[in-house]
Amino acid sequence: MRVVLAAARAHVASIKLTRDRSLTAGLVFAGGQSTRMGADKAVLHVDGQPLIARVLTALGGLSTVVIVGGNEDDFRELDVRWLADAHPGEGPLGALITGMKHVAAEQVVAAACDLPHLRASVVDELIGQLRSSGAQVATPLIAGTHQWHVAVWSNDALPALEDAFSRGERSLRSVANELDVVSVVFASQREFDDVDTPDDLARAFPSD
């Protein structure tokens, strides 16, 4: 496992690589049960738009963006491609495999649907570090903890992911132990905070 600092680049060419999204697809996972929220958090409206729309904005400009899982009818107003999860109820690893098998891209950005403060610059940083390092996955690292709600995966990791899934593995964190990982250190946790409960939602969008 390698550890790098976000925005620590050796030359201008690497900055250009980071900004090139044409070979990267986006997967947004929307198949969770939202049990603690009490409602489907992907389509909760905040400031006039569903929560998932904020993640889609951060992934804008990728070669293609696909919502994986959930109810297709819930996302028709977003005009985004939807894909049924081939492994419903099996967690994000199954959704990741489903998405990677259906998009043609060298890398995929895989993100949860409930990251209200995810920014395009964070996505660009992860893409750039994956490409420059040649690793199989780039994941954020905050205060020594990996943030698996969003990561960039190389397409050549798919066979290893499928093998782990067939052995009963369901955790992205665990399967990454079998891969070449570059950990990208970010200073702020805010961009990676997810929204699981009404209290989380209130903290993410405090009232004036």
Seminar exercise, completed: Of the residues in the stretch 153-170, those that are under 19 Å from residue 192 (Cα atoms) and open to solvent by 40 Å² or more (accessible area, probe 1.4 Å) come to none
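For every residue, the table says whether it meets (1) out of contact with any helix residue (DSSP H, G or I) (no Cβ under 9 Å at 6 or more places or on another chain); (2) closer than 25 Å to residue 173 by Cα; (3) open to solvent by 20 Å² or more (accessible area, probe 1.4 Å); (4) not β-branched (Val, Ile, Thr).
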{"residue": "45", "(1), (2), (3), (4)": "no, no, yes, yes"}
{"residue": "53", "(1), (2), (3), (4)": "no, no, no, yes"}
{"residue": "65", "(1), (2), (3), (4)": "no, yes, yes, no"}
{"residue": "85", "(1), (2), (3), (4)": "no, yes, yes, yes"}
{"residue": "90", "(1), (2), (3), (4)": "no, yes, yes, yes"}
Seminar exercise, completed: Of the listed residues (150, 195, 182), the one being buried (at least 17 other Cβ atoms within 10 Å of the Cβ), touching a helix residue (DSSP H, G or I) at 6+ places or on another chain (Cβ under 7 Å) and at pLDDT below 95 is 195
For this session: Return the pairs, sorted by first residue and then second, in which the second residue is part of a loop (DSSP other than H, G, I, E, B), the first residue lies in the stretch 99-114 and is farther than 19 Å from residue 88 by Cβ, the beta carbons are less than 7 Å apart, and the residues are 6+ apart or on different chains.
Result: 105/23; 105/63; 106/23; 107/23; 109/59; 109/62
Seminar exercise, completed: residue 175 meets each of (1) at pLDDT below 95; (2) open to solvent by 30 Å² or more (accessible area, probe 1.4 Å); (3) more than 21 Å from residue 21 (Cα to Cα); (4) assigned to a helix (DSSP H, G or I) with one exception, condition (2)
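Here's the yes/no breakdown for (1) closer than 18 Å to residue 125 by Cα; (2) aliphatic (A, V, I, L, M):
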site: 139; (1), (2): yes, no
site: 142; (1), (2): yes, yes
site: 149; (1), (2): yes, no
site: 154; (1), (2): yes, no
site: 160; (1), (2): no, yes
site: 163; (1), (2): no, no
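Being at pLDDT 90 or above, farther than 17 Å from residue 29 by Cβ and open to solvent by 10 Å² or more (accessible area, probe 1.4 Å): is that true of residue 145 here?
Answer is yes for this residue.
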Problem set entry | residue 124 open to solvent by 10 Å² or more (accessible area, probe 1.4 Å) and of a type in the set (Asp, Glu) | yes
Exercise. From the list 138, 187, which one is within 17 Å of residue 4 (Cα to Cα) and at pLDDT below 95?
Worked result: 187
Exercise. With respect to residue 133, is the statement that it is open to solvent by 10 Å² or more (accessible area, probe 1.4 Å) and either touching a residue at least 12 places away in the same chain (Cβ under 8 Å) or touching a His at 6+ places or on another chain (Cβ under 6 Å) (or both) true?
Worked result: yes
For this session: Using the structure shown, decide if residue 138 is more than 14 Å from the chain's Cα centre (by Cα) and open to solvent by less than 30 Å² (accessible area, probe 1.4 Å).
Result: no
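The values are calculated or read from the model by the stated rules, or taken from the named source; none is laboratory data. Please read all numbers here as calculations on a predicted model, not as lab measurements. So basically every Cβ, Gly included, is an ideal-geometry build from the backbone, and we count neighbours across all protein chains shown. Quick note on the areas: whole protein, heavy atoms, side chains included, nothing else; ligands and nucleic acids left out. Shrake-Rupley method; radii C 1.70, N 1.55, O 1.52, S 1.80 Å.
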